[in-house]
Each structure stands twice: as structure tokens, then as C-alpha cells.
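Read the structure below first, then the notes.
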Amino acid sequence: MNWQKAGVNPAPKSAMARFASVPIIKFSEFIYAGRIHSQRYKDAMHQLFSPFKLASLPLVNRVVMAPLTRARAPDDVATETVALYYTQRATAGLIVSEGTPISREGQGYLFNPGIYTPAQIAGWRLTTQSVHAIGAKMFAQLWHVGRVSHPSIQTDGIDPVSASAKTAQGAMAYGVKDDGTPGMVATTQPRQLATDEVARVVQDFANASANAIEAGFDGVEIHGANGYLLEQFLNPLVNDRDDEYGAATMDNRLRFALEVVDAVVARIGRERVGIRLSPYGRLFDMPLYDDIDATYTALVAALGERRIAYVHIMDQSGYGMGDKASGPTVSDKIQDLLRAFRPTLPETALILAGGMTRERADKMIDDGVIDLAAFGQPFISNPDLVARLRNGWPLAEPDRSTYYGGDAKGYIDYPPYAAQA
């Protein structure tokens, strides 16, 4: 593997030698698939493979690698292995990193590379340099899990924090088990953030955004989805506060999320800021409530006024949560929301993730419902996913037992399609 030939100078040769010896990885295949033969994108009949301008950022195609927690950073610092993992997948137009905690308090999974220490900034810089050398752009997903954590992950074993003191029933974090080994552990009761603490958390997001730019990321995605801290404030059945961050009124319900957005925009600029949201999501004990549509319509309209780079919607219907009922499906409701969002986002791109296929992406882009299509789990076992989608090649199945934690197996050893012939 010749990183220097690819325009990358990530580390001394000795540091990368052990990965160069893995025969199943042919780094040149990824360059071949994406960078040298970029004319393929221009010639493609499908808009999914056409260039797109995200705010002021040019993307080579409209394929987004969605954030995927992999827990492969032993010291919570992105390593050479992490850099290789993302670089193998850098034929996507945009990569959104795995959730990177903005503070130790914000962490809910061991071995996740954070973005709050100098060592973590330096670790991520290797990844961003390598990804840029292949041609992709990369945003860091800024993550505070709130109550989806465990004292074994927190400094000095303190309780996690949240919008309220309500436990996420049935939710699991990736912490230290009773026998001292890492693994899935049940979340515990959080401590409600005091009113005067909220501003400190907002600043943690802002500081993390500046750290991300220092690390070479092109921008940041604020994680407001999947039952984590921002959604804990947004959901009125979780947020039972009686201060200005309570959920009794719409303005107060949205206040924390918008304060985070405003602080990050003030620090790094609106064109570098995206946000991920999951309306109708039920992960980590997020109950459905009557005015979901009104909440997200108001929030997205406010985001449109701020002219941020993008809004990234996660369709969780594929997780199979909740009772089946007659009437519109979650996907149907999200489609309706996307159409309602569009007029309020004149300068902000829309991204959809969840159950994405090439056919679905083509149709939704052609219909003007979304601008970019995000693929999550398919990228795990298909580092050359863009080429597979474009050429109609079959997708490899992932080894689910290697999703979280471990070594190179199930992480950087999936071959590109041509290597399987």
C-alpha cells in the first residue's frame, strides 16, 4: 500500500507497515473506483452520482456515508486503523464520522474517538488528511448521549446527565460490565442538568466544533437524533423541566437545540454546520407524542432561517420498533415531513438515511424530495459501495458480531468487489 503515492503522508512508514501487509486490502482499487476515473460520475445517468455543491463545499457525488459507531479507538483517540477504515470508503461524496463525543460527560460508548483533547484532535487529523487525499469531504458528528450512558464510562463514576431524571428504560450503553470487561450495560438513572449548567454544555458543542475544524474536518454534524441529548430536550414526554428549557411551550422545547446550533455557527460559520434529526424515532426509550410534526416543522423552519449547510433526517422504521398499526407508516410520515421541510430550506440541503437503496435514492433526488442520500450499514461491508451501486454489483453481507469493538476483523478487511473475482 503506497499512501505517499496516493497523496497521503499520514504517518511514518513503520507505523503503517502492519496494515500494508494485509493482502485482502487493495488500496488502489478504491482510488480506481473514485478519484482517477471521476469521469464516470459525470457520465452517469443517475443524479445520485452527479456532483453537488453543499453550501460552498463541492462534493463529487450525492452519496453520503452515514455515521456508524464502531468502537475501535482503544484510548478514545482515532488511530491509523480508523484512518484506513474511512479512507477505504472515501469514494462517497461526503463522509459523516461516527459520533465523536464533545466531552467525557457526553460519552456513552467506550472506545469512541472524541474531539475534546489535543490527542484526539491530532488523531482525527490523520483521518481527515487521508480521506481528503482520495476526494471525499468529511464532517465530524458532534455527540452528547445524555442519559444513554453509564457511570463506568463517566469520570469518577458519576451519574450521566440529561434534560430530566428519567431513565431510558431498556436502553444499553457500551461500558464496563460487573466482571471488569467491556460490553453492553443497562443505562442508569441520569441527573437532570441544572438550568445554569445548560450553557456549559452548549459551549462544549461550540468548543468541539472548533476542535473539529482544527482536526481538518470540513464541517460538523450536530447529533440531534436517535434518543440522545438534543432529542431528550425536544421530547415532551422525556423533558419534564419547568424552566426555560422545559417542553411545555414550543419555544422552550426548541431552545436548547437552537442554542447549540447558534453557538456552533458563531464559532465556525453556518456553511460548515449540519444537524441530524429523527422524527418518529423510538430508539432509547423515546416515546411518540401528539405534536411530533409541529415540533420538527418548527425546528427545521428555524434551521432554514439560519441557512446551515444541511438537515440530515434519519428514518428509523427499519429498526422494527413499536406496534404495527393501520394507516401511514413511519416512512410515509417522514416523506410528508420532508416535503413540508423543503420550502423552509431555500439554502439548506436535505439528506435522508435509513433503508436507503439506489432506486429509492434516485427517485427521491429526481423528485426533488432530498438532495443527498445517506447509506449506513451497507458501507460496513462494502467499502467500495459507490462503485457497487453505480455498476449494480451485489452487496457483501456484514459480520454483525464485529460491529462494535474488536480489531481489524470486520473493520478494514472487507475487500472491494473486483478483488473477489
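Derivation of every value follows stated rules applied to the coordinates shown; laboratory data play no part. None of the values given here were measured: they were computed from a predicted structure. When we count neighbours, we look across all protein chains shown, and the Cβ atoms used for this are built from the backbone with ideal geometry, even at glycine.
Long-range amide H contacts for Q141: which residues qualify at under 5 Å (H placed 1.01 Å from N, peptide plane, sequence gap of 5 or more or a different chain)?
Hits under the 5 Å cutoff: S97, T100, E221.
Short version: ³J(HN,Hα) in whole Hz for each residue of region 224-230, in order, from phi by Karplus 6.51 cos²θ - 1.76 cosθ + 1.60 (θ = phi - 60°), x for Gly and Pro, what are they?
So the Karplus estimates, Gly and Pro as x, are x, 10, 6, x, 8, 4, 4 Hz.
What does the highest-first list of 131-139, 333-341 look like by mean Cβ count within 10 Å?
131-139, 333-341
What's the tally of Lys pairs in region 22-420 whose alpha-carbon atoms lie under 29 angstrom apart, where the two lysines are 8 or more places apart or on different chains?
Taking the Cα cut-off of 29 Å, the pair count is 18.
What residues have an amide H closer than 5 Å to that of S278, excluding those fewer than 5 places away on the same chain, when H is modeled at 1.01 Å from N in the peptide plane?
Answer set, sorted by chain and number: N226, M314.
Just to confirm my numbers, what's the Cα centroid distance between region 164-194 and region 74-101 in Å?
Answer, in whole Å: 26.
Given H placed on each backbone N at 1.01 Å, which residues far from V161 in sequence or on other chains put an amide H within less than 5 Å of it?
Those lying under 5 Å, H to H, from V161 are R191.
Rounded to the nearest 0.05, what FRET efficiency do D242 and A266 have when you use their Cβ-Cβ distance and R0 = 35 Å?
0.80
Could you point to the residue in A374, Y245, V176 farthest towards the positive end of region 22-420's charge dipole, with +1 and -1 charges on the Cβ of Lys/Arg and Asp/Glu respectively?
Towards the positive end, the residue furthest out is A374.
Spelling out what I want: for every residue of region 122-134, take phi, set θ = phi - 60°, compute 6.51 cos²θ - 1.76 cosθ + 1.60 (Karplus), and round to whole Hz; glycine and proline get x.
Each residue of region 122-134 in turn: 5, x, 5, 4, 4, 5, 5, 4, 5, 5, 5, 4, 8 Hz.
For E359, E221, E98, what's the fewest-to-most ordering of other Cβ within 10 Å of each Cβ?
On the way: E359 11, E221 29, E98 22.
Least to most surrounded, the residues fall as E359, E98, E221.
If you restrict to DSSP beta bridges whose two residues both lie in the chain, what percentage is antiparallel, to the nearest 5?
Values: 8 of 43 bridges.
Bridges in the chain are about 20 percent antiparallel.
Neighbouring Cβ atoms within 10 Å as the yardstick, rank W143, W393 fewest first.
In order of increasing Cβ crowding within 10 Å: W393, W143.
Defining a contact as two alpha carbons under 8 Å apart and six or more residues distant in sequence, what relative contact order in percent does region 22-420 show?
After rounding, I find 17 percent.
So how long is each side of region 151-200 along the principal axes, counting just the alpha-carbon atoms, biggest first, in Å?
Dimensions of region 151-200 along the principal axes of its Cα atoms: 37, 23, 12 Å.
Who wins for biggest fluctuation among A301, A374, A173 in a Gaussian network model of the chain, springs between alpha carbons below 10 Å?
A301
Points 7 angstrom from Cα along the Cβ direction at R339 and T155: gap in nanometres?
4.9 nm
Provide the per-residue ³J(HN,Hα) series for region 97-107, in order, calculated from phi with Karplus coefficients 6.51, -1.76, 1.60 and θ = phi - 60°, each as a whole number of Hz, with x at glycine and proline positions.
For region 97-107, the Karplus curve yields 5, 3, x, 10, x, 7, 6, 4, 4, x, 8 Hz.
What's the extension gain from T249 to N391 if we count 0.36 nm per residue and subtract their Cα-Cα distance?
That pair, T249 and N391, stretches by 46.1 nm at full extension.
Run the quick spin-label model on S56 and E305: label points 7 Å from Cα toward the beta carbon, then report their separation in nm to one decimal.
Result: 2.4 nm between the two label points.
Shape verdict for region 44-84, please, from the Cα gyration tensor: rounded (a/c under 1.5), prolate (a/b greater than b/c) or oblate.
Cα axes put region 44-84 in the prolate bin.
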